[in-house]
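Step one of this worksheet: look at the structure below.
The values are calculated or read from the model by the stated rules, or taken from the named source; none is laboratory data. Given the structure is predicted, the values throughout are model-derived calculations rather than measurements. Every residue, glycine among them, receives a Cβ derived from its backbone with ideal geometry; neighbour counts consider all protein chains shown. For the accessible areas, the whole protein counts, side chains as well, though only heavy atoms, and no ligand, DNA or RNA atoms are used. Shrake-Rupley method; radii C 1.70, N 1.55, O 1.52, S 1.80 Å.
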Amino acid sequence: DVFLTLNTPMHTARIIRISVDQGGRFLLTASADKTAKLWDLRSGTLLRTLRPPIGAGNEGMLYAAALSPDGRVAAVGGWTSKDGLNNSIYLFDPSGGELLQSLSGWPNVIFDLQFSPDGRYLAAALGRSNGIRIWRCSDWSLHAEDKNYGADSHKLAFDAWGQRLATVCYDGHLRLYDETGKLLQKVKTTGGSHPVALTFS
């Protein structure tokens, strides 16, 4: 199918995720308008629009975006299948906008993506009770996964050294993993039953 879209300098729907490279040069935004945009962070100039495959309805809406620390890979994901049950993460070359690769076959929407600070891993948080996945960036093979989640996971975060990964989930729990993907701790959150965001100091 062919879908005609406006080539606008700004997003035409809400921006759901943002990401910055380690050098503070580029800003990546992901939107429900089914595009991701790369910006020059210093000037605010739009550099290019990244366009993953889209379809009718929700297909192609982007809920997640991450720039690799060196700014050489832009990963985006969201509702990237017709039924939301066979989703892909798309890896783009930010410098030219080419689609490099897709990581496919994930059973629910992708709500968050994060690269580890050392650039070795890419982690994804999934909807429903599908947990998280972690890939090795060297060959994009699956490094670790945890499917033992009770609901949507909307956010994950690496610490500054990439040695720990933390996640929150609508099942009311905060989880902490080591760099191998081993679950170190799972605790009930105290600020509410549906945590949606977190970060390390």
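Might you report the magnitude of the Cβ-based charge dipole of the chain about its Cα centre, with Lys and Arg at +1 and Asp and Glu at -1, to the nearest 20 debye?
Working: 21 positive and 19 negative charges, 62 e Å.
Dipole magnitude for the chain comes out near 300 debye.
At a 1.4 Å probe, what is the % contribution of carbon and sulfur to the accessible area of segment 33-78? Before the final figure, lay out the partial values.
On the way: 860 of 1730 Å².
Accessible surface attributable to carbon and sulfur in segment 33-78 totals 50 percent.
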**Request:** Could you work out the mean projected area of the convex hull around the alpha carbons of segment 90-201, in square nanometres to one decimal?
**Result:** 7.2 nm²
**Message:** Greater than 23 Å separation of Cα atoms is the criterion. Which listed pairs, Lys34/Lys155; Lys34/Lys186; Lys147/Lys188, meet it?
**Reply:** Lys34/Lys186
**P(r) weight above 16 Å for segment 81-137, C-alpha pairs, percent** = 47 percent
**Asked** Say each of Ser104 and Ala13 gets a label point 7 Å from the Cα, pointing the same way as Cα to Cβ; how far apart are those two points in nm?
**Response** 2.2 nm
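Exposed loop trypsin sites (Lys or Arg not before Pro) only (DSSP loop, at most 11 other Cβ atoms within 10 Å): please give the longest stretch of the chain free of them, not including the sites. Show your work: numbers first, answer last.
Working: sites that count: Arg14, Arg42, Lys147, Lys182.
The longest uninterrupted stretch comes out as 43-146.
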**Complete:** re segment 4-51: pairs of Cα atoms spaced beyond 15 Å account for a percent value of 40 percent
**Request:** Please name which of Gly78, Gly60, Gly44 has its Cα lying farthest along the dipole of segment 14-90 towards the positive end, using unit charges on Cβ (Lys, Arg +1; Asp, Glu -1) and the Cα centre as origin.
**Result:** Gly44
**Message:** Could you tell me the extents of segment 29-109's C-alpha atoms along the three principal axes, largest first, rounded to whole Å?
**Reply:** 39, 21, 17
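What chymotrypsin sites (Phe, Trp or Tyr not before Pro) in segment 90-165 are in a loop by DSSP, with at most 16 other Cβ atoms within 10 Å of the Cβ?
Working: sites: Tyr90, Phe92, Phe111, Phe115, Tyr121, Trp135, Trp140, Tyr149, Phe158, Trp161; in loops: Trp140, Tyr149, Trp161.
Answer in residue order: Trp140, Trp161.
Per residue, what accessible area does segment 14-156 have, given a 1.4 Å probe and all protein chains present, in Å²? Walk me through the intermediate numbers first.
Values: 5810 Å² over 143 residues.
Using a 1.4 Å probe on heavy atoms only, each residue of segment 14-156 averages 41 Å².
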**Asked** Which entry in [x] 1.10; [y] 1.18; [z] 0.95 is this structure's computed Rg/Rh (Cα atoms, Kirkwood Rh)?
**Response** [z]
